[in-house]
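Okay, so here's the structure we're looking at.
The values are calculated or read from the model by the stated rules, or taken from the named source; none is laboratory data. This one's a predicted model, so the numbers in the text were calculated from it and none came from an experiment. So basically every Cβ, Gly included, is an ideal-geometry build from the backbone, and we count neighbours across all protein chains shown.
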Amino acid sequence: MLYNAKNGQVNIGSSVMDYIKFGKGEKNIIMIPGLGDGLKTVKGMALPMAVMYRQFAKDFTVWVFSRKQPLEPDANTRTMATDLRVAMDILGIDSAHILGVSQGGMIAQWLAIDFSQKVCSLALVVTMAKQNETVQSVVASWIEMSQKDDFNTLTIDNFEKSYTDSYLKKYRLFYPLIVPFMKPKDKQRFLIQAKSCLNHNTWDYIDKITVPTLIVAGGKDKIVTCNASQEMAEKIGGSQLIVYDNFGHSVYEEAKDFNDKILNFFVKHL
C-alpha cells in the first residue's frame with residue numbers, strides 16, 4: 001500500500017487499541033491525537049494520515065495510537081501514557097520521537113516524565129500542563145453537550161473554536177456532511193477522555209523532562225490558550241517555543257509549514 005500504510009490493533013489487557021503505521025524509516029515517530037479521539041479512533045485512517053504526513057515517511061516509521069477501548073472509568077492522562085508504553089513494548093518500539101497534540105500532548109508529557117527512556121525528543125502542540133479557566137469552561141460545556149447526546153452542537157462548537165475564520169468560511173457548507181459521522185459509538189469513552197482533560201496536571205513534574213522539547217502554540221487558541229504553551233516553555237529547561245500568532249487550536253492543520261518544522265526538529269535530534 002502507498003507509503004506502507006497499515007491499520008492495526010493491539011491488545012492491552014482486556015481492551016484493544018487501534019493504531020496506524022506508515023513510512024519505512026529506521027527511527028520511529030509516535031503521534032498522539034487529541035480529544036477528538038474520543039469521538040472517532042484512527043481505525044481505517046492509515047492511508048489518509050500517510051498522505052497528510054508524507055514528509056515524515058521517508059526518514060521515519062510513523063505510528064498513530066488511539067486510546068484503548070474500553071477505558072477504565074477512572075482513566076486519566078497518566079494511565080493513558082502507561083497504556084501507550086505497554087503498546088510500544090508489545091509492538092517492539094524501543095523508543096520514538098513523540099508528537100502530542102492537545103490532549104495527546106498531555107499524555108505525551110506523562111510519557112516523557114514516567115518513561116523517559118522511551119522518548120527521543122518531544123513535540124507538544126496546543127496543549128497545557130496545568131488548568132486554566134478557558135479549558136475548564138470549554139471542555140465542561142462539551143461534557144454537558146455529550147451527556148445530552150448533542151454531538152452535533154459539540155462538533156460544530158469544536159470546529160468554531162479551533163479554526164480561523166478564513167478556514168471556516170470555506171468549510172461551514174460541509175457541516176451537514178461531516179457532523180453526523182462524529183457521534184461516537186461509546187459516549188462514555190468520550191466522557192472519560194474529556195474529564196481526564198479537566199483533571200490533567202503535570203505542572204509539578206514537567207521540569208523533570210530532559211529530552212529535547214519543541215512547544216507549538218496558536219496565538220488565538222480558544223481552547224487551551226497560547227499562555228499555556230508559554231508557561232510550559234518557561235518550565236521545561238532548554239525547550240523551544242514556536243507561536244503562530246494568526247492561528248488557533250488547529251494550527252497543526254492550517255499552518256502550511258507546520259509539518260516541516262516538526263520534521264526538522266525530529267531530524268535534528270536523530
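Answer yes or no as to whether Phe22 is closer than 25 Å to Cys197 by Cβ and either of a type in the set (Phe, Trp, Tyr) or more than 16 Å from the chain's Cα centre (by Cα) (or both). Answer is no for this residue. One residue stands out in the range 133-151 among those that are touching a residue at least 24 places away in the same chain (Cβ under 8 Å) and under 19 Å from Ser250 (Cβ atoms): the one that is surrounded by the most Cβ atoms within 10 Å (Cβ to Cβ), namely Trp142.
Considering the conditions (1) under 19 Å from Thr202 (Cα atoms); (2) of a type outside the set (A, V, I, L, M, F, W, C); (3) in a helix (DSSP H, G or I), Gly100 is excluded by exactly one of them, (3). In the condition set (1) more than 25 Å from Val211 (Cβ to Cβ); (2) touching a residue at least 40 places away in the same chain (Cβ under 8 Å); (3) part of a loop (DSSP other than H, G, I, E, B); (4) not acidic (Asp, Glu), Val51 is compliant with all but (3).
Working carefully through the options Ile107, Ile90, find the one that is in contact with a helix residue (DSSP H, G or I) (Cβ under 7 Å, 6 or more places away or on another chain) and at pLDDT 95 or above.
Details: Ile90 fails: in contact with a helix residue (DSSP H, G or I) (Cβ under 7 Å, 6 or more places away or on another chain).
Checking each option against the conditions leaves just Ile107.
Say whether the condition of being among the small types (Gly, Ala, Ser), in a strand (DSSP E or B) and in contact (Cβ under 8 Å) with a residue 12 or more places away in the chain is met by at least one residue in the range 198-220. There is at least one residue in the range 198-220 that is among the small types (Gly, Ala, Ser), in a strand (DSSP E or B) and in contact (Cβ under 8 Å) with a residue 12 or more places away in the chain.
Per the listing Gln69, Gln131, Gln147, the residue uniquely polar (S, T, N, Q) and closer than 19 Å to Thr202 by Cβ is Gln131. Number of residues in the range 157-184 that are buried (at least 16 other Cβ atoms within 10 Å of the Cβ) and either out of contact with any Lys or Arg (no Cβ under 8 Å at 6 or more places or on another chain) or assigned to a helix (DSSP H, G or I) (or both): the value is 9.
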